[in-house]
Amino acid sequence: RSQSPDLRNISRNAQMHLSALFVSCSAAAVVSAGASEYEWAGIFAFSDTVYMWTAQKVEGAYADATMKMAVLPATDATAEALEALEEAGKRSLGSNCTPVVPGSVITPMTDACYQVVFDQDLWQSLYTINASGVAAAAFFTEHVPTEFENTAHYLKDRTGEDVEPLAELPKADENFGSVEWGPSLGAAAIINMITFVGVILLAPGLSKLVATNATLFDGLLSAFAAGSLLGCAFFLLLFEATHLVAESWEDEAAQTWRWGVMILAGFLLPAVIDCSTALMQEAWPTKLVAKDTTATAFPGDEAGAVDCPVAAQGETHFAEGETKRSPARLIGAVAIGDFFHNLCDGFFLGVAFKGCGNNFGWGVALASVLHELPQEMADYAVLTGSGVGMTPARALLVNFLSGLSVMLGVVIINVTEVDNGVVGLLLAFGGGVYLHIAASECMPKVYQLKLSAKTHLLCLLAFVLGATFIGLILLDHKHCEPNGGSGHGHGH
């Protein structure tokens, strides 16, 4: 016979209290007189007498079965007050903890520890915070509260509004070096090293192979880059941007137009840079590019175009009415375009690491590396081609120096306070840039090349492979949850 709802509730409550009693006894057996470290602390100002603490399952499970918590009364909700209570908070967490089950009341109290027990049969557990006679309270917890956030903030007032901490520990700058600078600058350095990819073309056997199959290599690299860029844009940047933009603007229309405008602005950026470079070139007396009629084109669509360089030296001829462009101006066009392109890559990379954590950041870094490979190879071939005639060493140096802007972009983002909404807008902007490069430059090049049906199929497989590499990141991916300056986002 099935039990009545009342009997089931009584049974479940009994199990909960027995579990709490077991936790309490276990804690009493192992607790020592010393203090216990906390993972997170925050101080809140109270203007009401009742608040609600919420813990939710994320992906079907709580981050832990229990969590130790110390709630200390404070006179002010300031960073100084929180720091002054730090030792008291550690001492409280190291004391004998009182178990509290869902529905229980937690009262701010000096030298008291609560062992919060989560109801494994429910998707969320709620606890009442009794703030009567308390102007502020400092919370010291065993876990970061956002680890237990799914659809609701961990602390709310009686009207359901989120209550945010006015100060947190550890401070953002305590984790700044390891959380943001190290991985982001490391990824930027890896991306910048791709500027030396032209060295590959110096290998005797490979250079001959590439020269013989220039069109095939160009098609495969372009398709692979397009797949990785579109995968990064749709799997990571654009989707995550919607969540972040929603944090700063509640109105759906306000979210949508900002998100859409930034995508379109990012999509137009490469075209704006290209037009600006062209206008500067037209301001000079000589203007058109030399066309090489004897060299083998790699990579590109037709020999001699600015973005379709030649891989071998040869006699230079000019079409009727054309004049030779100064090599210095062609070098400037390549270097300036590459500088701004890499600077934007640095911005997006810095935002990804700083706002969304290491997994997300490395995903963006992977996409950047994959699309830099064909671009840097093309830049190298332009600089060493007959239009410029640089030595390989000088061409690699120019590529390396212009590529340093990716480091500059990361530094600018890391030293700047970025709001969550701004993070979302920058990610949307970066997604727009990636859409342009993939859809307007990489894939069209595949179609413009004179490829056989079998080669086209190989290019499509390369596209799928590039997108799959980025898609694999989603296997262990959660929504980007910016730290909001605290350095404690755990949704990565």
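Odds and ends about this structure:
- Of everything in segment 385-416 that is of a type outside the set (A, V, I, L, M), part of a helix (DSSP H, G or I) and open to solvent by 30 Å² or more (accessible area, probe 1.4 Å), the residue that is modelled with the lowest pLDDT is Pro392.
- Selection of segment 231-255 for residues being of a type in the set (D, E, K, R), touching a residue at least 24 places away in the same chain (Cβ under 8 Å) and open to solvent by 70 Å² or more (accessible area, probe 1.4 Å) yields only Glu247.
- Filtered residues of segment 55-78 (kept if closer than 21 Å to Ala167 by Cβ and part of a strand (DSSP E or B)): Met67, Lys68, Met69, Ala70, Val71, Leu72, Pro73, Ala74
- Checking each residue in segment 68-78 for being surrounded by fewer than 21 Cβ atoms within 10 Å (Cβ to Cβ) and under 32 Å from the mean Cα position of the chain (by Cα) picks out Ala77, Thr78.
- Residue satisfying condition, being in a helix (DSSP H, G or I), closer than 30 Å to Ser368 by Cα, at pLDDT below 85 and open to solvent by less than 10 Å² (accessible area, probe 1.4 Å), within set Ser207, Ser228: Ser228
Okay, residues lined up against (1) modelled with pLDDT of 80 or more; (2) within 23 Å of Ser222 (Cα to Cα); (3) under 20 Å from the mean Cα position of the chain (by Cα):
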{"position": "Leu383", "(1), (2), (3)": "no, yes, no"}
{"position": "Gly424", "(1), (2), (3)": "yes, no, yes"}
{"position": "Ala439", "(1), (2), (3)": "yes, yes, no"}
{"position": "Leu451", "(1), (2), (3)": "yes, yes, no"}
{"position": "Ala462", "(1), (2), (3)": "yes, yes, no"}
{"position": "Ala467", "(1), (2), (3)": "yes, yes, yes"}
{"position": "Ile470", "(1), (2), (3)": "no, yes, yes"}
{"position": "Asp476", "(1), (2), (3)": "no, no, yes"}
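- Any hit, segment 247-256, residues being under 26 Å from Asn359 (Cα atoms), at pLDDT below 85 and in contact with a Gly (Cβ under 7 Å, 6 or more places away or on another chain): yes
- Leading residue by the ranking (modelled with the lowest pLDDT) among those in segment 79-99 that are open to solvent by less than 20 Å² (accessible area, probe 1.4 Å) and not in a helix (DSSP H, G or I): Gly94
- Given (1) without any contact (Cβ under 8 Å) to a residue 60 or more places away in the chain; (2) open to solvent by 50 Å² or more (accessible area, probe 1.4 Å), index of the condition Met52 fails: (1)
- Within segment 433-457, being surrounded by fewer than 24 Cβ atoms within 10 Å (Cβ to Cβ) and closer than 23 Å to Cys356 by Cα holds for one residue alone: Leu435.
- Within segment 104-113, the set of residues being surrounded by fewer than 16 Cβ atoms within 10 Å (Cβ to Cβ) and farther than 24 Å from Ser47 by Cβ comprises Asp111 only.
The values are calculated or read from the model by the stated rules, or taken from the named source; none is laboratory data. Fair warning: this is a prediction, and the values are worked out from it, not measured in the lab. Backbone-built Cβ (ideal geometry, glycine too); neighbour counts: all protein chains shown. Accessible surface areas use protein heavy atoms only, side chains included; no ligands, DNA or RNA. Shrake-Rupley method; radii C 1.70, N 1.55, O 1.52, S 1.80 Å.
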